[in-house]
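A quick write-up on the structure given underneath.
The values are calculated or read from the model by the stated rules, or taken from the named source; none is laboratory data. This one's a predicted model, so the numbers in the text were calculated from it and none came from an experiment. As a convention, Cβ positions derive from the backbone with ideal geometry for all residues, glycine included, and neighbour counts pool all protein chains shown. Side chains included, ligands, DNA and RNA excluded: accessible areas come from the protein's heavy atoms. Shrake-Rupley method; radii C 1.70, N 1.55, O 1.52, S 1.80 Å.
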Amino acid sequence: MKHLFILSLAILFFNLSFAQKAHNANQNNKKTPEGVVTGYVLEKKNGSPIEFANIVIYSKKDSSIVSGGITNKNGYFRIDKIKYGKFFVEINFIGYGKHIIPEILIKPDNKELNLGKINLAINAEMLNEINIEANVNHVDYRLDRKVVNVNQDIISAGASAVEVLENVPSIETDMDGNVSLRGTESFLVLVDGRPSPIQGSEALQQIPANTIESIEIITNPSAKYEADGVGGIINVVLKKDKRQGYNGQISANYGTYNSYGANALFNFRTEKINFFVGGEYGNRIFEGDGISNSETFLGGDTSFNLNNTSSNYHRRQSGSGRAGLDIYLNDNEIITISGRYGISGFGRGGDTWAESFYLAGENQFNQYYYLSDNSLLAQRSYFSGDINYMKKFKDPGHELQIYGSISGDAKDENSTYNEEVTDAEANPLGNIISEYRNIEIGNGKTLTGKADYVLPLFEQAKFEAGYQIKYSAEDNDYRLQTLSATEWIDDTTQLNPYTYSQNIQSGYLMFSNFWNKLGYQFGLRTEYTDRLFHQTSTDQKWQYDKFDFFPSVHLSYQLPADMQLLASYSRRLERPRGWYLDPFVKLIDPNNIRKGNPNLLPEYTNSFDLSLQKKFGANFISLEGYARQTNNKIERITQVYEPDPSIYLMSFDNIGEDLSIGGELMANLNLTSWYNLNLSGTVYYYEIISELYDSKNTITWRTRLNNTFRLKKSGTSIQVGAFYRGPSISAQSTREAMWMANIGVRQEFLDRKLSVSINVRNAFLTMKRETTTETANIYSYSLRQPKMPMFNISVTYKINDFKKRSDNGGEQIMEGADNGM
């Protein structure tokens, strides 16, 4: 397996080297006199680099387009292969005034022309016009990430970040709100580029879609980022206006099952400060039906069978408030202070009717029928506070950033189970034979400090370095109680207090530069992990400490005709969560128990990406190939509990390794001024290699389609989307295919200050979760589906829209550039 990846990387480098040599040979044969134009594009007010600004070079003779390019994240651009002659240059970016350089001259003694720093000012009138007219893509494909523009997603209005990601390439979601990135639920969640106090799908479930500006999906992060999350990074960029004056947004929504929510955002900025505050509350309810059939083989022709049907619900409540202050000490120094406090709750319950029996040949015996109610109420409060200092030096891109944060949470979970005997027709017999509850409380805290330094060396070359220390600790207390008359009594044999701490120190170095058309970035990150799990009741301790190295490589090659070839490699890991390690046997219900594995090792992933991107004016096509190989793969495992064959034991194990190789085709097509088609498809091969469990493999596929219609004069937008997800496998299970269709309509009123969105998700009631688990002595099938489609109406009102602001950049003409005149 390792040889395969080394060979893949060697082939990749060979292809890039061959392409470069061919390009150089071609250039030598042409021997055409050519020049180079370079420069930086910055925001006028604060000197910040503007990424993806457009630079277009026109012939002075006939105003035809000669060449062009875009800026990188440092605002730098380089345009070469310009024949000698006179030209004029136009620099622009959405929301900023246009900048024109009337004349430049490329000649033998002035072949390398540096335009210096070009400042763009914000154009409020243009922003307002863009808000009305521009066809902003639902998903943009940038050099190292996919960017989901949430305002263009009508279907997710009034929902959460999970629903936003439902129709996005590389992402899968399920009916429980779980998110996976290229097949894994291990990813790092950032909010505005900083780690969220809550991680994983739970973090995304609690962020209302109306508060999100965009979501960035980074499948192969550089060494600058923390190595956690084998799938990559999902960065949620919240709405925060940078323009002077005050403005805001208020939203409310209502939907199926009496779900509702509201959120508000306000922003105020002057020359020296930018203050923002926001809050949100959500109450979301889902109802569904399910069936499950399981059989445990006991040897010979004897088995234990358990079949049930259920009607269930789950409910998510969340509320949070956030505030922050940007202080502009001067043009080059900014201090940002921000904080967040939130509460969340999750409830689950419903009625399940079950029958259990033993089967020997065709004979059933020990039949037992019952109704059960297994309800869960989990509550959590959390907070985070951080401070960031940014120092910009004289040279563009020369920066120092120092950051510190503290976060914490407190949880309280209470699950209650009761069981009542029935007859074979599900009629209660009035005999409650089992009633107990689990109580689990805990507290956690995390302290983080880091420093990042960027040093431009020459032209596009730069050096980056950073250091981070992150300490987290949590304590947890579990107890089982049984009901005696009207009093809950502790079972003293079922007490499980534990503590879990993790100290991670990391540093990184990165170097990036361009050589002709080839851009390259090399990085190396090292992380030291010191982990301790302590079961305090028995005083047992499990410690793990290790140094790890995480290299990253990013390459880009500019091809003719607006095509670009990108390649990347990164190594990442997934550290086991605290409850994955807990060896205590926890009762879920009479037929299911859970036990952690304190000897779990982190899983490590080597990830390779290769993509080709092509622009056709306002249209875009991207073809990606990827390969990901994981060692020490962590999966949830189901086994028969040896003391009692009617009980299933769920645990975690390092099952071995897996391999995923696939391709993604993505297209964003603005077919007319009023119709946009966004289409993507993925085909991949997945293999599990295990000595402990069955090795298996599969080839599967998924596709997505999103149609957006904009009737600009009436202010109406219509969106119709659908996705198909093929079957998938894990070490013990198979998940069946499913598809789902969604429809949304948005109407704008009051000069587009007020918008009303109505959407229907799961329009044809095809969403489901259907799984089959098979081992040497277990067969289990389950199917769960929502009871009805999800309807939602959302209303948003914007306060003090852009047209009322006076910060108008207008068109700028620069007279005194170093233009060779």
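Of the conditions (1) in contact with a Leu (Cβ under 8 Å, 6 or more places away or on another chain); (2) farther than 20 Å from Tyr436 by Cα, Tyr341 clears all except one; give me its number.
Against the list (1) in contact with a Leu (Cβ under 8 Å, 6 or more places away or on another chain); (2) farther than 20 Å from Tyr436 by Cα, Tyr341 comes up short only on (1).
Residues in the stretch 72-93: is at least one among the β-branched types (Val, Ile, Thr), open to solvent by less than 60 Å² (accessible area, probe 1.4 Å) and either in contact (Cβ under 8 Å) with a residue 60 or more places away in the chain or over 26 Å from Ser556 (Cα atoms) (or both)?
no
Among the residues of the stretch 209-226, count how many are open to solvent by 10 Å² or more (accessible area, probe 1.4 Å), closer than 18 Å to Gly507 by Cα and in contact with a Leu (Cβ under 9 Å, 6 or more places away or on another chain).
Final tally of qualifying residues: 2.
Would you pick out the residues in the stretch 496-519 that are out of contact with any Phe, Trp or Tyr (no Cβ under 7 Å at 6 or more places or on another chain) and open to solvent by 60 Å² or more (accessible area, probe 1.4 Å)?
Leu509, Phe514, Trp515, Asn516 - these are the residues of the stretch 496-519 that are out of contact with any Phe, Trp or Tyr (no Cβ under 7 Å at 6 or more places or on another chain) and open to solvent by 60 Å² or more (accessible area, probe 1.4 Å).
Kindly list the number of the only condition in (1) under 22 Å from Ser646 (Cβ atoms); (2) open to solvent by less than 50 Å² (accessible area, probe 1.4 Å); (3) out of contact with any Ser or Thr (no Cβ under 6 Å at 6 or more places or on another chain) that fails for Thr309.
Looking at each condition in turn, Thr309 falls short on (2).
Under the condition of being in a loop (DSSP other than H, G, I, E, B) and open to solvent by less than 20 Å² (accessible area, probe 1.4 Å), which residue from the stretch 227-240 is modelled with the highest pLDDT?
Only one residue tops the list, namely Ala227.
When the stretch 667-704 is examined, which residues are found to be among the charged types (D, E, K, R) and not in a strand (DSSP E or B)?
Glu691, Asp694
Yes or no: Leu113 modelled with pLDDT of 85 or more and either in a helix (DSSP H, G or I) or among the aliphatic types (A, V, I, L, M) (or both)?
Yes; evaluated as a whole, the condition is true for this residue.
Every residue, every condition in (1) within 26 Å of Ile655 (Cα to Cα); (2) in a strand (DSSP E or B); (3) within 25 Å of the chain's Cα centre (by Cα); (4) among the β-branched types (Val, Ile, Thr), yes or no:
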| residue | (1), (2), (3), (4) |
| --- | --- |
| Ser755 | no, yes, no, no |
| Asn759 | no, yes, yes, no |
| Leu765 | no, no, no, no |
| Thr773 | yes, yes, no, yes |
| Met788 | no, no, no, no |
| Ser794 | no, yes, yes, no |
| Tyr797 | no, yes, no, no |
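What's the number of the condition Gln558 fails, among (1) in a loop (DSSP other than H, G, I, E, B); (2) of a type outside the set (A, V, I, L, M, F, W, C); (3) farther than 30 Å from Ser294 by Cβ?
If we test Gln558 against (1) in a loop (DSSP other than H, G, I, E, B); (2) of a type outside the set (A, V, I, L, M, F, W, C); (3) farther than 30 Å from Ser294 by Cβ, just (1) comes out false.
Since Phe268 meets every condition but one in (1) in contact with a Ser or Thr (Cβ under 9 Å, 6 or more places away or on another chain); (2) surrounded by fewer than 19 Cβ atoms within 10 Å (Cβ to Cβ), which condition does it not meet?
Status for Phe268: all satisfied but (1).
Every residue in the stretch 774-812 that is at pLDDT below 90, under 26 Å from Lys753 (Cα atoms), of a type in the set (S, T, N, Q) and surrounded by 15 or more Cβ atoms within 10 Å (Cβ to Cβ), please.
Asn800
Can you name every residue in the stretch 334-367 that is part of a strand (DSSP E or B), modelled with pLDDT under 90 and open to solvent by 60 Å² or more (accessible area, probe 1.4 Å)?
Arg348, Asp351, Asn363, Gln364, Phe365, Asn366, Gln367
Check the stretch 194-205 and report whether any residue there is open to solvent by less than 30 Å² (accessible area, probe 1.4 Å), farther than 28 Å from Gly663 by Cα and small (Gly, Ala, Ser).
Within the stretch 194-205 (the criterion being open to solvent by less than 30 Å² (accessible area, probe 1.4 Å), farther than 28 Å from Gly663 by Cα and small (Gly, Ala, Ser)), the answer is yes, since at least one residue qualifies.
Restricting the search to the stretch 750-787, which residues are at negative phi and hydrophobic (A, V, I, L, M, F, W, C)?
Residues satisfying the conditions are Leu754, Val756, Ile758, Val760, Ala763, Phe764, Met767, Ala776, Ile778, Leu783.
What residue, of Asn283, Asn293, Asn263, Asn235, is of a type in the set (S, T, N, Q) and more than 27 Å from the chain's Cα centre (by Cα)?
Matching residue, one of Asn283, Asn293, Asn263, Asn235: Asn293.
Considering each residue of the stretch 749-773, count those that are out of contact with any Lys or Arg (no Cβ under 7 Å at 6 or more places or on another chain), over 24 Å from Tyr257 (Cβ atoms) and open to solvent by less than 50 Å² (accessible area, probe 1.4 Å), and give that number.
Selection size over the stretch 749-773: 4.
Identify the residue in the stretch 252-288 that is of a type in the set (Phe, Trp, Tyr) and not in a helix (DSSP H, G or I) and, among all such residues, is farthest from Asn330 (Cα to Cα).
The qualifying residue farthest from Asn330 (Cα to Cα) is Phe286.
May I ask you to list the residues in the stretch 397-429 that are acidic (Asp, Glu) and exposed (fewer than 14 other Cβ atoms within 10 Å of the Cβ)?
Asp423, Glu425
Looking at the stretch 429-436, can you tell me whether even one residue there is outside any loop (DSSP other than H, G, I, E, B) and modelled with pLDDT of 90 or more?
Within the stretch 429-436, not a single residue is outside any loop (DSSP other than H, G, I, E, B) and modelled with pLDDT of 90 or more.
In the stretch 50-71, which residues are among the β-branched types (Val, Ile, Thr), at pLDDT 80 or above and either under 23 Å from Leu457 (Cα atoms) or open to solvent by less than 40 Å² (accessible area, probe 1.4 Å) (or both)?
Of everything in the stretch 50-71, those that are among the β-branched types (Val, Ile, Thr), at pLDDT 80 or above and either under 23 Å from Leu457 (Cα atoms) or open to solvent by less than 40 Å² (accessible area, probe 1.4 Å) (or both) turn out to be Ile50, Ile55, Val56, Ile57, Thr71.
Residue check, Tyr544 against (1) open to solvent by 50 Å² or more (accessible area, probe 1.4 Å); (2) in a strand (DSSP E or B); (3) over 30 Å from Asn54 (Cα atoms), all met but one. Which one?
(1)
Tell me which residues, restricted to the stretch 676-703, are within 26 Å of the chain's Cα centre (by Cα) and within 16 Å of Asn631 (Cα to Cα).
Of everything in the stretch 676-703, those that are within 26 Å of the chain's Cα centre (by Cα) and within 16 Å of Asn631 (Cα to Cα) turn out to be Tyr686, Glu687, Ile688.
Could you check the stretch 640-666 and list, in sequence order, the residues that are over 19 Å from Phe187 (Cα atoms), of a type in the set (Phe, Trp, Tyr) and in a strand (DSSP E or B)?
Scanning the stretch 640-666 gives a single hit, Tyr648.
Restricting to the stretch 757-781, give me the number of residues that are farther than 30 Å from Ile647 by Cα, touching a residue at least 40 places away in the same chain (Cβ under 8 Å) and not charged (D, E, K, R).
The total comes to 2.
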